[in-house]
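The values are calculated or read from the model by the stated rules, or taken from the named source; none is laboratory data. Because the structure is predicted, anything quoted here is derived from the model rather than measured. Every residue, glycine as well, gets a Cβ built from its backbone with ideal geometry; the counts of neighbours run over all protein chains shown. Each accessible area value is taken on the protein alone, full model and side chains, heavy atoms only, with ligands, DNA and RNA left out. Shrake-Rupley method; radii C 1.70, N 1.55, O 1.52, S 1.80 Å.
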Amino acid sequence: MQWPLMRNNIVREDLDALIAHLKSDDPMLTQSGNVRAFEKEWSEWLGVKHSVFVNSGASANLITMTALRELRGGGEVIVPTLTWVSDIASVLQCGFEPVFVDIDERTLGMDAEQVLKKITRKTRAVFLTHILGYNALTDGLLKGLKKAGVPLIEDVCESHGATFKGRKLGTFGLVSNFSFYYAHHMSTVEGGMVCTDDAELYETLRMLRSHGMVREATSPEVKNRYAKQHPDLNPDFIFAFPAYNVRSTELNAVIGRTQLKRLDANNERRTANLKLFLGGLDAKKYRTDFAVAGSCNYAFTLVLKKPDPKLWAAVEKTLREAGVEFRRGTSGGGNQLRQPYLRKVVGKDAWRKFPKVDHVHFYGAYIGNYPDLEQERIRELCKLLNGIKA
Ligand SMILES: Cc1ncc(COP(=O)(O)O)c(C=O)c1O
């Protein structure tokens, strides 16, 4: 079927915009007006006050956790067992203790009740991931976090445009993170965005993106405060934090700006594709009861209803023979606690405490859902999958 995980995600129109930029007289290449314009347009699209464009979703995670640590101090961060490595890595790199939560099988996101049960006096944030386009928020979770005074941080790297009660994911938390890696809803080749309504966080994130430099702040008040406190320093070179350089470039922002114009239309097609896929699967063999309300997926989730090694082996064989690319484990390869980088931290058997994510780890996968995927092929794939006999 020649069905890759992603196809045609950066198109001629994007490349033409890039060429036009390069053909202009003495074009700026490093972070400048296009980055600023992309941040503004993205903030408008999402519905937040501030956005900071960085060079990847992992960098978005890293400066978010660094800002949390700088502004709120160390402690525990409640994290998912199913997510991308950089969500957990950034928590560890910033010296927080990760506290893990199993998944809700219908959203693949964190189980809201478990999240609330794990809040302690040491909790500094809940760092939630919306997995493969499914909303992981519930009223109960938002109310519980508000009551406990614990900030929510949303990783929306896999869910651009998805909503909860009609409002875009990434606008509920104190901060949210997006990725523009090629395989996602829209791409700047590599890239990421950190979004917030909080002015202090915004200034901190801007500094953290660029070596911790105070001159990167937009607020004259912040700049004056540092200059007054440090009269021995050149105001152009005041480093407030031991930070990073995770800036992107004008070239990536030019692509992002043309991509953003097509995002909503592409997402509509993806949403229709997912409904067709889940609607076409045999509900006795596969999970078809995912919480699709407000979802917006760049991948189809294929998860066995019950553990069945023989059936799963047959599914993998069928997909391979048909030329359908897939990733077992769904997001990030499944149960993070089984990964060597985490076993060292949490112990080699800690994964046993999270049976639901372990099911997806062995009996789940994702398959590409790109805008120009023909519906006929989706029906054909469902037929193929439904016909498998273990
Ligand atoms: C949930 C999640 N967070 C963060 C990232 C990291 O994004 P990037 O690949 O742009 O570094 C990914 C990447 O796929 C992701 O799926």
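The listed residues are 256, 334, 323, and the only one of them that is at positive phi, within 20 Å of the chain's Cα centre (by Cα), open to solvent by less than 60 Å² (accessible area, probe 1.4 Å) and of a type outside the set (S, T, N, Q) turns out to be 334. Residue check: is residue 210 under 19 Å from residue 86 (Cβ atoms) and in contact with a strand residue (DSSP E or B) (Cβ under 9 Å, 6 or more places away or on another chain)? When the stated conditions are applied, residue 210 does not pass them. Taken together, the criteria place residue 306 among residues that are open to solvent by 20 Å² or more (accessible area, probe 1.4 Å) and over 30 Å from residue 58 (Cα atoms). Counting only residues that are outside any loop (DSSP other than H, G, I, E, B), surrounded by fewer than 24 Cβ atoms within 10 Å (Cβ to Cβ) and in contact with a helix residue (DSSP H, G or I) (Cβ under 8 Å, 6 or more places away or on another chain), the stretch 115-136 holds 3 of them. Does at least one position in the stretch 8-30 carry a residue that is closer than 18 Å to residue 209 by Cα and away from the ligand (no atom under 16 Å from the Cβ)? Yes, the stretch 8-30 contains a residue that is closer than 18 Å to residue 209 by Cα and away from the ligand (no atom under 16 Å from the Cβ).
Okay, residues lined up against (1) open to solvent by 20 Å² or more (accessible area, probe 1.4 Å); (2) in a helix (DSSP H, G or I); (3) touching a residue at least 24 places away in the same chain (Cβ under 8 Å); (4) not hydrophobic (A, V, I, L, M, F, W, C):
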residue	(1), (2), (3), (4)
289	yes, no, yes, yes
315	no, yes, yes, no
319	no, yes, yes, no
327	yes, no, yes, yes
341	yes, yes, yes, yes
344	yes, yes, no, yes
390	yes, no, yes, no
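Examine the stretch 251-263 for a residue that is out of contact with any Gly (no Cβ under 8 Å at 6 or more places or on another chain), farther than 24 Å from residue 23 by Cβ, modelled with pLDDT of 95 or more and not polar (S, T, N, Q), and state whether such a residue exists. The answer is no; no qualifying residue exists. In the stretch 178-193, the qualifying residues are those that are among the aromatic types (Phe, Trp, Tyr) and open to solvent by 30 Å² or more (accessible area, probe 1.4 Å), and the one that is nearest to the ligand (Cβ to nearest atom) is 181.
Residues in the stretch 42-87 that are more than 10 Å from the ligand (Cβ to nearest atom) and either open to solvent by less than 40 Å² (accessible area, probe 1.4 Å) or closer than 21 Å to residue 243 by Cα (or both): how many? Total satisfying the criteria: 27. Taken together, 140, 166, 161 contain a single residue that is buried (at least 19 other Cβ atoms within 10 Å of the Cβ) and of a type outside the set (Phe, Trp, Tyr), which is 161.
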